[in-house]
Amino acid sequence: MSISRSWAGALVAGALALFLPVAALAQQGPLVDAEWLSKNLDNPKVRVFEVSVDPGVYERGHIPGAVNINWHTDLVDTVRRDIASSAKFQDLLQKAGVTKDTTIVLYGDNNNWFAAWGAWVFNIYGLGDQVKLLDGGRKYWEKLGLPLDTKVPAYARSDLTVSAANPQLRARLADVLEVVDGKKNAVIVDIRSPDEFSGKLFAPEGSRELSIRAGHVPGAKNVTWSKAVDPETGKFKSKEELKKLYADAGVDGSKPVIVYCRIGERSSHTWFALSRILGYEVRNYDGSWTEYGNAVGVPIANVAGTVWQGK
């Protein structure tokens, strides 16, 4: 019995699909959309993590199967102001059953600020090719009316080994000062609001982490993080729109970039846009303004001329 060429091709394609790793079905690029994720919740090669900042958000309802990451304890060293150690981070992922073939999807509240910070940590420990952000985060998932669950999942422990931390993704105070002093050729991007940048505000309303000085790093460009997303959905703007947004501010990828905010979470969002979406060479300065503005003997620019009153 003869088989038509088109049918034969379909049979071959179908047979190959059976042997392809499931993770290969993931969307290309650093983002996945809610529609794709909703169809892959039971995919054993996909592991979803929620990284939210507001207490109780995960417990009230999360994407089915998602593992909770507590930003305040799981991704940081609770004694030193630092990211989690490789041993601590590796243990977290092993408990979640993550392997070298797992597609990792991160999402969270507050426009994915802390999910992006999580993505930055995942990248530091060599998992960047596996990590994707859910475009729009919780905001868009809920906007679409997609399911939430209160069950806490349990997965078989894996034997994943993470890489040593990559220092090229992280800027320190000394790196920023070398740019300010003209010893290094890089662009510094302050992603805070215009009022924070000018010095009119010391910090957003309700913030507990403060600097005794207001203003910005001398020479920094101000591109508020929110300009990179659609205000209705929280999803990133197109690659072309992002290129223009940053190029208009003098950030075109021709020089290394350092991004900062107040404590490093909003700047992680911009780090993701510039590094993972546009492919620029970018470091996140997670010490950000709470370190820089409190550091002794370093210059600042304060257009508003505000002075800390001690209360």
What are the trypsin sites (Lys or Arg not before Pro) within region 30-67 that DSSP puts in a loop, where the Cβ has at most 14 other Cβ atoms within 10 Å? 39
Out of all DSSP beta bridges in the chain, what portion is antiparallel? Express it as a percent rounded to 5. 20
Go ahead and run the numbers for FRET between residue 54 and residue 224, Cβ-Cβ distance against an R0 of 25 Å, rounding to 0.05. 0.70
Within straight cross-link reach of residue 45, meaning Cα distance under 25 Å, which lysines are found once same-chain residues fewer than 8 apart are removed? 88, 95, 100, 132, 139, 151, 235
May I ask for log10 I(q)/I(0) of region 176-263 at q = 0.11, 0.14, 0.21 Å⁻¹, from a Debye sum over the Cα atoms as equal point scatterers with solvent left out? -0.35, -0.56, -1.09
In region 150-165, whose amide N lies under 17 Å from the spot 7 Å out along Cα-to-Cβ of residue 101? List them in ranges. 156-161
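Solvent-accessible area per residue for the chain at a 1.4 Å probe radius, Å²?
49
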Give me the percent of the accessible area of region 170-292 that comes from carbon and sulfur atoms, probe 1.4 Å, all protein chains in place. 48
Which of (i) 1.07; (ii) 0.98; (iii) 1.02 gives Rg/Rh (Cα atoms, Kirkwood Rh) as computed here? It is (iii)
Around residue 38: net Lys/Arg minus Asp/Glu count, Cβ-Cβ under 14 Å: -3
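The values are calculated or read from the model by the stated rules, or taken from the named source; none is laboratory data. Predicted, not measured: the structure shown is a model, and the values here were computed from it. Because the Cβ atoms are built from the backbone with ideal geometry, glycine has one as well, and the counts that use them run over all protein chains shown. The protein model used for the area step is the full one, side chains on, heavy atoms only, and it has no ligands, DNA or RNA in it. Shrake-Rupley method; radii C 1.70, N 1.55, O 1.52, S 1.80 Å.
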